[in-house]
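We did not get these values from a lab; they are worked out from the coordinates using the rules stated. Given the structure is predicted, the values throughout are model-derived calculations rather than measurements. Because the Cβ atoms are built from the backbone with ideal geometry, glycine has one as well, and the counts that use them run over all protein chains shown.
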Amino acid sequence: MFAEKVIELLKEAERNPVTIDPFNDDKIRQILEEMQTLFRMNMNDANATTENKSLWTTVQVRHSALERNKRCLLAYLYSRMAKIKTLRWEFGAILPADVRELLSDDEYEWFTKYSMNLASYMRSLGQDIGYNGIDLTENLKPPKSLYIEVLCMADYGKLELEDGDVILLKKNSRHFLPTSECQTLIRQGILKQIS
Amino acid sequence: MDLTDDNIALSEDEEEEITAEVVLKTLQSAWQNERLAPEILPHRNDMVECMLGQIQHMERNINKLPKTDLRATIHKMELSRIKFIICNYLKTRLSKIEKYCIPILNEERQRVESGTNFLTPMEYKYAQEYLLNMENHMKTVVLDKMPGNMQMFESNKMAEHPNMQSHVFLKANETINGVVLEDLAGEDEEIDLEEGSQHILQYKPIADLVKNGKVQLI
Amino acid sequence: MDPYEVEFIGENRIISVIPNFSYDKIYLICGEFGPFRAGLPINVPLWLAMMLKQKQKCRIVPPDWMELDTLENIKEEEKRSRFFTKMPNEHYMVEAKLILGAASEDVPNAAEIKTIIKDIWDIRMSKLRTSMDALMKSGGGYGRLDHLTMMEINSAKPLLPSAMDYLLQIQKKAQQRVQQPSALNTSTFSQSGSSQNT
Amino acid sequence: MENSGYLSISDILVTNEKIPCKFLHDLPKMGFLDPSASEDDLKAGTNVEIPLWLAESLHSRRPPLVAVDLPKIYKDSYREILNADACTVDMHKLSQYFYEFGCYIAKHDIKGEVSNTLINTFRQRFRMLLSASVSTDSVGAIQPLSVSERLQAAAAANTEKALSEWLQRGDSILTTANMVANHRKRKRAEMEMH
């Protein structure tokens, strides 16, 4: 049957909606090859339609299969793009190595471009009135208190606060910090809020 | 001590001055509507910038107060509430712009010409760049490797449209008579929205009422 | 929306507190409040009241409606009526949760009040589910929901609107052919086993 | 179904469902579409189940290349069961994409009976979604749902969970981002396996 490989690819993408799987280079190549084969067969048969009219319908059927493969491949890429966007919002502009390697080189390039476009938009916010931009990846939840107690989950190193104080974030150390200054570290899993 | 600029002129040609309080209320309702409407709404950059100005002004003044001063903490808390609204509002818009970038850009081109643009210039630029990156990515990874007659990036097909017929909850800010609800059987129904009444109905017939502030999405 | 976002919106409501400090007026962006006089009640936004309470700078004055007799009446009325009755305010549950959570010592009979508000909430939530089912059965295209508070409406999302959207889509897509008897050659369709149902 | 756009994976999976068709013309070199046949060409008159996307495309040709039959779950006997009490039906067994697939099928059913069945079925089964949202225990007690029903019930259950957490708890705490947390979890699991 036509376009079956590409369905396996999509089912694979649907299985893990909250994580991203390695880019399936191999299968993409196979599907593109299937398309080339269908196309070649169509070229041959299209030339022969003068002798055999009913070949024309065969050509049309293959053409539908080509269209189907195209749609499926684009849907696969698109669903990954949505996940890669989430990576940008959640991990930030720099991806951890183990996450980075799940992306193909082209996808990483897309990630970088997406990230740059986003950064330049955010930098532009409020520029007319002297702001250096606004980071939209912060202030994600309605604020409840200005300071929160956090537990450090990893050896992070020094963190300089807005008021100039420098604190050392060591694994298992506890701190009482301004909410606005530790949201990103919490999102990235380096700090954990203690309720 | 008064930390606010009490009266703000929104734009120079506008005689009328409105208070920061009104700006905040307007922004809050714009945020709420943006969150709950399926389509992108006309931007309220005037309100955003005005609030950002207020925040900046206020932050400078807070810094003059002792750190532990109760008033400083109160002001900081209010500012972080407002920052939350602004960030969430702008972020909501960005995610709609990304999702519906093709139809938004198509419609926006016409709106820019008539000066009734929904996006800010920076949002417009963002959308164009976003679509361009998407197109290039799809071309590089698969389209260019397909047989010749399959290589087109067909933006008409790719376009995802907001569902204008999705159902929303609303409260009428004033009485509106004769809202027409489309019925599939062809028997359209007319209803009146009395001031303060609440309804769930299709977005499409009330889209304009959201934009002109006659109803609030809830 | 997240319940905390609805709470955030509800926190703009004005309530009364009795501060234990004195201060001049404070000029916030959302309005001016004060002057604060120790021992004298004053109106502030709920979020500010909560903040002052947390810092032990005030006592909360329970809203008028947060009182046993009033709530008993509301509860009885809610039970009796087929419709949703009007609540004391649009964010009664947010007020109740925040005030009773952080300042139960400021509210006489706090424990009983908590129970009765929860009862009212539960009655209304079960009524809401019944009305949602009725709405879908009766047509599922439009509904009027006066007196439901924002938190209650939020609890019907996304299920109710998405089910209504879904139903509309089925109607539109599935009835496409029915409405416009087709230009297509329908005779190519086998209608084997067509039913007696109409 | 809300998203049946070009790039929608769920619509692609729906249109991959098989539908019985009868070929009306000879199709040279397409014999492989019929797994029971061994010839190169597909003969007019062959009955075979093919994916919906292909059937739609063959049917839209002028003249149509296939005649489409209703899949049995949309025929009389099943419709009667559904119209009697849709809540007793196991959608998992019947069809994962009962409504979405049905919408495509119904387009071809001139009498509109499929369409009425879809609408009635969804209306009746809405109360199952309602009860599935209230408590997770009851999800097991009701008849299995279709994919889209399951998604709606899951979304409703999330709302319910967030609400009851809100009612019981004090302040909302800030947490690790979803994808970050899941990738960490996966990494841990992978490390344990090696």
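Over chain D, Cα pairs under 8 Å with separation of 6+ residues give a relative contact order of 15 percent. Hey, which aspartates and glutamates would be in cross-link range of A:Lys158, C-alpha to C-alpha under 19 Å, not counting anything within fewer than 8 residues on its own chain? Counting by Cα, and skipping residues close in sequence, A:Lys158 has these aspartates and glutamates nearby: A:Glu149, A:Glu181.
Please work out whether chain A counts as rounded, prolate or oblate from its C-alpha gyration tensor, where a ≥ b ≥ c are the square roots of the eigenvalues and a/c under 1.5 means rounded, while otherwise a/b larger than b/c means prolate and anything else oblate? The shape class here is prolate.
For the pair the range A:73-138 and the range B:35-113, the centres of their Cα atoms are 20 angstrom apart. Centre-to-centre separation between the Cα atoms of the range B:121-198 and those of the range A:166-180: 44 Å. For C:Lys172, the lysines whose Cα comes closer than 17 Å to its Cα, not counting residues fewer than 8 places off in the same chain, are B:Lys204, D:Lys107, D:Lys111. Note on the range A:5-123: Lys pairs 8 or more places apart or on different chains, Cα atoms under 29 Å apart, count 19. Only DSSP H runs of four or more residues enter the estimate; each adds -39500 (n - 2.57), and after division by the residues of chain C the mean residue ellipticity at 222 nm equals -15000 deg cm²/dmol. Counts of other chain beta carbons within 10 angstrom of each beta carbon in peptide A:144-152 average 4.
How would the range C:1-128 be classified by its alpha-carbon gyration tensor: rounded, prolate or oblate, with rounded meaning a/c under 1.5 and the a/b versus b/c comparison settling the rest?
The shape class here is prolate.
The protection proxy used here, the mean number of other Cβ atoms lying within 10 Å of each residue, ranks peptides A:50-60, C:126-136 as follows, highest first: C:126-136, A:50-60. For the protein assembly as shown, the square roots a ≥ b ≥ c of the C-alpha gyration tensor eigenvalues yield an a/c of 1.5 or more together with a/b exceeding b/c, which makes the shape prolate.
Taking other C-beta atoms within 10 angstrom as a stand-in for reagent exposure, D:Ser146, B:Ser155, C:Ser81 fall in the order C:Ser81, B:Ser155, D:Ser146, fewest first.
Our helix-only sum for chain D, with -39,500 (n - 2.57) per DSSP H run of n ≥ 4 divided by its residues, gives a mean residue ellipticity at 222 nm of -16000 deg cm²/dmol. For chain A, adding -39500 (n - 2.57) for each run of n ≥ 4 DSSP H residues and dividing by the number of residues yields -18000 deg cm²/dmol at 222 nm.
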